[in-house]
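Scroll down for the structure; my scribbles are underneath it.
The values are calculated or read from the model by the stated rules, or taken from the named source; none is laboratory data. Being a predicted model, the structure only gives us computed values, none of them experimental. With ideal geometry, Cβ positions are generated from the backbone for all residues, glycine too; neighbour counts draw on all protein chains shown.
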């Protein structure tokens, strides 16, 4: 039970990060029906920028409290990522808005390669340790001293993500900009006739998504304690899977999908080893029984298959419910 | 280029051109060996291998219009089938004329396996799913060393058998009729033969009923179905054919290199093959070949020029050639899509489409 609770907490934390990144995908998809393939790279740049800021500030021996340094990292990373998001939209998407669907996807792949390798030139190809300036403090929330714990970092990640998601919902459903965004996503031409500046709204969608991505990048960096130029790829892919799981283009869906995917992944990684432990078959096969004497952990699939779960979820969802859990049936635009 | 090489349009010029190209292809490895060393023959072989891969992917992306970002997985499957059945790893040494077709068949099976559940998906969803599929294959190759050692994990498989026909071994140096044949030169001729066969298949496919049906699906799937085309079977066929070409190339790669590991089958390789198809001109066989040759040789040339230039300018190497290569790839993809979306040598149909689009916009 403790393992279950622990994996649930880990999954929830991870899921919140996925959800925040997934929002970036789903917002862009909702408004222009295109997958922003380079969004994962934006998250990576957010993590890397904040890493540089934090290292610079801790290296300067300022007497700032750790939380202020972390906040400074976010404050610098967010505008940098916003600029990257804006550039992406201008270079890769705006000129190709009426082109065949493959065209913007391919430019986005190209930009994603460029961003990755520029990051590699700037921050080296090795995984960099993300400075652990906030002391990790575990809390035993079950009352059992050996039981499941939740750390202060996890609490901060979950709370921040929830706040950002609430803020985004308020923005989309309560403000004038939100109305403009929803109108643009329904019909660009008519929205334009109603006096909405379509280009500005689309740019702002990219920029808001990138800002969320920047914060997510900082959270991932602090959570795993490591940052690398390739980190955005797999994270982006998982977040995209989460967005599809929830129903792409749907904000609530992205949040639900992200949290679900995080929990599925954590539980999967936690239990797949036990479930596929071949030693359970010892009674049937003497060969297995002999090997289990030496190695009681003779598993078919270990937790190193963790990354497979997201893809399996993605493929399953697309096959059985292509519009996702909360998505409406989308018509073919192909 | 297609028109130039069409004997019906320029009979004499075309045959002369074909004869010249053939002569150049025959002489090329010896010229390279004497002028630049055996290493350049190896580089040429890899370039031809990439041409094969690009032609395979062209069936899926260019002809049928299905964006596949996990194509390298089929290459990996072909390579691993060959490596497992013809190496000391399982102590199996089956002959290549059996293993190579088997590799193609297994890759073909994987192609259908990927194609079947994704038939209904639209372009960009399909891209992501194929990308995920490629990653799944790679993760399995990396981890299938436990509990039973199948793929030997990240260490890969070594000492893979070279091709062998009777007493004729492909990686042994030999002097035949006064000419010194090194291993790479032998593989070069083998690759050229395979390449000619695959180009032949592609040309025939393109103008066949199947090829026209693919084109119709690419342009408008619903209209194609209304015309009585069995879109499901034809899309599966595109995946299967593309995959089996990838499988054959993979088998040759394994035999030629003698060593494979999951490192050779990462996403970047898929993107590179896709870049070749896009850069050359999706759907045009000659364009794809040009794209593959360009993207294979330019990085090698860079490797030999970037380093000395940087050392002369800055006194040391600032940016590795590998990184510059990737940056150029990315830039090429972006610029091509922005300024010449149909590729260097666009297929006639794509060109027409783009012109009418420009006219109507």
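Is it true that some residue in the stretch B:86-95 is assigned to a helix (DSSP H, G or I), assigned by TED's automatic domain parsing to the domain that holds residue B:161 and either under 18 Å from residue B:164 (Cβ atoms) or free of Cβ contacts under 8 Å to residues at least 24 places away in the same chain (or both)?
Scanning the stretch B:86-95, I find no residue that is assigned to a helix (DSSP H, G or I), assigned by TED's automatic domain parsing to the domain that holds residue B:161 and either under 18 Å from residue B:164 (Cβ atoms) or free of Cβ contacts under 8 Å to residues at least 24 places away in the same chain (or both), so the answer is no.
Scan the stretch A:129-150 for residues that are at pLDDT 85 or above, surrounded by 18 or more Cβ atoms within 10 Å (Cβ to Cβ) and under 26 Å from residue A:228 (Cβ atoms) and jot them down.
Within the stretch A:129-150, A:130 is the sole residue that qualifies.
Looking only at the stretch A:184-197, count every residue that is over 10 Å from residue A:31 (Cα atoms) and surrounded by 13 or more Cβ atoms within 10 Å (Cβ to Cβ) and tell me the total.
Total satisfying the criteria: 4.
Hey, any hits in the stretch A:270-291 for a residue that's within 27 Å of residue A:153 (Cα to Cα), out of contact with any strand residue (DSSP E or B) (no Cβ under 6 Å at 6 or more places or on another chain) and within 13 Å of chain B (Cβ to nearest Cβ)?
Checked against the condition, which is being within 27 Å of residue A:153 (Cα to Cα), out of contact with any strand residue (DSSP E or B) (no Cβ under 6 Å at 6 or more places or on another chain) and within 13 Å of chain B (Cβ to nearest Cβ), the stretch A:270-291 yields at least one hit.
Run down B:113, B:100 and say which single residue is assigned to a helix (DSSP H, G or I), in contact (Cβ under 8 Å) with a residue 40 or more places away in the chain and on the phi < 0 side of the Ramachandran plot.
Exactly one residue qualifies, and that residue is B:100.
Could you please give the count of residues in the stretch B:116-135 that are surrounded by fewer than 19 Cβ atoms within 10 Å (Cβ to Cβ) and touching a residue at least 60 places away in the same chain (Cβ under 8 Å)?
Summing the residues that are surrounded by fewer than 19 Cβ atoms within 10 Å (Cβ to Cβ) and touching a residue at least 60 places away in the same chain (Cβ under 8 Å) in the stretch B:116-135 gives 2.
Name the residue that is farthest from the other protein chains (Cβ to nearest Cβ), counting only residues in the stretch A:96-123 that are part of a loop (DSSP other than H, G, I, E, B) and in contact (Cβ under 8 Å) with a residue 60 or more places away in the chain.
Ranking the qualifying residues of the stretch A:96-123, first place goes to A:97.
Are there any pairs with C-beta distances below 6 angstrom linking a residue in the stretch B:177-192 that is closer than 18 Å to residue B:258 by Cα to a residue that is modelled with pLDDT under 85, with the two at least 6 apart or on different chains, and if so which?
Correct list of pairs: B:182/B:38; B:182/B:173; B:183/B:171; B:184/B:38; B:185/B:29; B:186/B:170; B:187/B:170; B:188/B:29.
Please work out if residue B:218 is assigned to a helix (DSSP H, G or I) and within 14 Å of chain A (Cβ to nearest Cβ).
yes
So, in the stretch B:290-338, of the ones that are in contact (Cβ under 8 Å) with a residue 24 or more places away in the chain, over 21 Å from residue B:55 (Cβ atoms) and in contact with a helix residue (DSSP H, G or I) (Cβ under 6 Å, 6 or more places away or on another chain), which residue ends up surrounded by the most Cβ atoms within 10 Å (Cβ to Cβ)?
Selected residue: B:337.
When you look at residue B:278, is it at pLDDT below 90 and either assigned to a loop (DSSP other than H, G, I, E, B) or within 14 Å of another protein chain (Cβ to nearest Cβ) (or both), yes or no?
In short, yes.
Would you confirm whether or not the stretch B:254-261 contains a residue that is at pLDDT 85 or above, crowded, with 24+ Cβ neighbours inside 10 Å, under 22 Å from residue B:108 (Cα atoms) and under 13 Å from the mean Cα position of the chain (by Cα)?
Among the residues of the stretch B:254-261, not one is at pLDDT 85 or above, crowded, with 24+ Cβ neighbours inside 10 Å, under 22 Å from residue B:108 (Cα atoms) and under 13 Å from the mean Cα position of the chain (by Cα), which makes the answer no.
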